[in-house]
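See below for the structure under consideration.
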Amino acid sequence: MTRVVALAGGVGGAKLADGLQAHLGADLAVVVNTGDDCWRHGLLVMPDHDTVLYNLAGIEQVEWGWGIEGDTHATMAQLGVYGEETWFGLGDRDLALHIVRTARLRAGDRLTDACLGAQRSLGIAARILPMSDDPVATEVRTADGWLEFQEYFVHQRQAPDVLELRFAGIEAATPTTEVRAALSEADAIVIAPSNPLVSVAPILDVPGVRDALAAARDGGVPVAAVSPIIGGRALKGPADRMLAALGHESSAIGVARLYAGLVDTFVLDTEDADAAPAVEALGLRPVVTDTIMRDDAGRARLAGEVLAAVAAHVR
């Protein structure tokens, strides 16, 4: 097995992508969610792409999993002096990426090309592909109405209950040539342990992506997903609360139900081993293992186990 495509967003997705890159190098393509992209201080910020980028470059802030290790925040402090909002913090080295990317977009580059250029500059072997070059904006409805995703996620610290989700612009978005080619040429596809509602769903909902995934499966390409929920809880982020608030079960089996019909293999943590029969009843092949990626070795270990699981399921 050589060419693998991972669908990812967030810290869990970035960690598994890093582990996959350790095994696959340039034979890995990571399709990332762009629904949580936002404009801050005149610059395009891509939280999911950039979290994957920094992890694959080996410069991520270790404690948080996002941002750059050892970054400073002098620019944000000075923006505050000028009366600018500073609730969405950006490190000084992080800002350099947003400046370069925005400049390239304004010069006429495609989003994908601007992103690939940054990846080459950081010496990343794998390709990180935006799900679309077209703008898509994840929005959440709370008791106070519709909110832009980062307003909910960062400014309001995920405190309000999420009553509804929508992806503004998704109907007009198209997958890029690179995304279509990656999916059509893949030997295996992996859905990372990312929030299934706001990191994975936007990717799948880009018109044509589900069809491409189905075509790959029909052609014998194995597809696996790794649960982001362990023992009923998300290790990071609001996935567990979102699932419950939107009427889903906040559990590994709840995530498996969302992916039934899309994937062949479902990887769940040893803490949820008793859910394996229920996963199998959904028509998925359960694989039970330690899914917590505590360090680089843990990332590579889990990635190796996922690759072994999909290799065993080649039809």
Open item on the list: Classify region 85-243 from the C-alpha gyration tensor, please: rounded if a/c falls under 1.5, else prolate or oblate depending on whether a/b exceeds b/c.
Closed with: oblate
TODO: Using a 1.4 Å probe and counting only protein heavy atoms, arrange R180, R157 so the residue with the most accessible area comes first.
DONE: R157, R180
Task: Accessible area per residue in Å² at 1.4 Å probe, computed on the chain - done: 41 Å²
- [ ] Relative to the longest principal axis of the C-alpha atoms of the chain, give the angle of the C-alpha long axis of helix 111-121, reported between 0 and 90° and rounded to the nearest 10°.
- [x] 90 degrees
Task: Anisotropy class of the chain from Cα gyration tensor, a/c 1.5 cut - done: prolate
TODO: In whole angstrom, note down how far apart the Cα centers of region 7-21 and region 208-286 are.
DONE: 16 Å
- [ ] At 7 Å along the Cα-to-beta-carbon direction for both E151 and Q78, put a label point, then send me their distance in nm to one decimal.
- [x] 3.0 nm
- [ ] Please give the net charge around G232, taking every other residue with its beta carbon less than 14 angstrom from that of G232, where Lys and Arg add +1 and Asp and Glu add -1.
- [x] -4
Task: Pairwise FRET efficiency - R294 versus A260, Cβ, R0 = 30 Å, nearest 0.05 - done: 0.55
Task: Segments 5-13, 278-286 sorted - mean Cβ within 10 Å per residue, highest first - done: 5-13, 278-286
Open item on the list: Can you show me the helix-derived [θ] at 222 nm for the chain, built from DSSP H runs with n ≥ 4 at -39,500 (n - 2.57) apiece and divided by the number of residues, rounded to the nearest 500.
Closed with: -11500 deg cm²/dmol
TODO: Identify which of P130, P47, P238 has the largest mean-square fluctuation in a Gaussian network model of the chain, with springs joining Cα atoms closer than 10 Å.
DONE: P238
Task: Apportionment of accessible area to carbon and sulfur, region 43-89, percent (1.4 Å) - done: 56 percent
Open item on the list: Between 0 and 90 degrees, rounded to the nearest ten: what's the tilt of helix 209-218 against the longest Cα principal axis of the chain?
Closed with: 20 degrees
TODO: Pull out a ≥ b ≥ c, the square roots of the eigenvalues of the alpha-carbon gyration tensor of region 165-257, then state rounded if a/c is under 1.5, prolate if not and a/b is larger than b/c, and oblate in the remaining case.
DONE: oblate
Open item on the list: Can you tell me, using C-alpha contacts under 8 Å and at least 6 residues apart, the relative contact order of region 1-95 as a whole percent?
Closed with: 22 percent
Task: Distance-filtered residues of region 124-151 - backbone nitrogen under 14 Å, label point 7 angstrom along L105 Cα→Cβ - done: 130-138
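The values are calculated or read from the model by the stated rules, or taken from the named source; none is laboratory data. Values in this document were obtained by computation on a predicted structure and should not be read as measured data. Neighbour counts are summed over all protein chains in view; Cβ atoms, including those assigned to glycine, are modelled from backbone coordinates with ideal geometry. Just the protein is used for accessible areas: all its heavy atoms, side chains included, with ligands, DNA and RNA removed. Shrake-Rupley method; radii C 1.70, N 1.55, O 1.52, S 1.80 Å.
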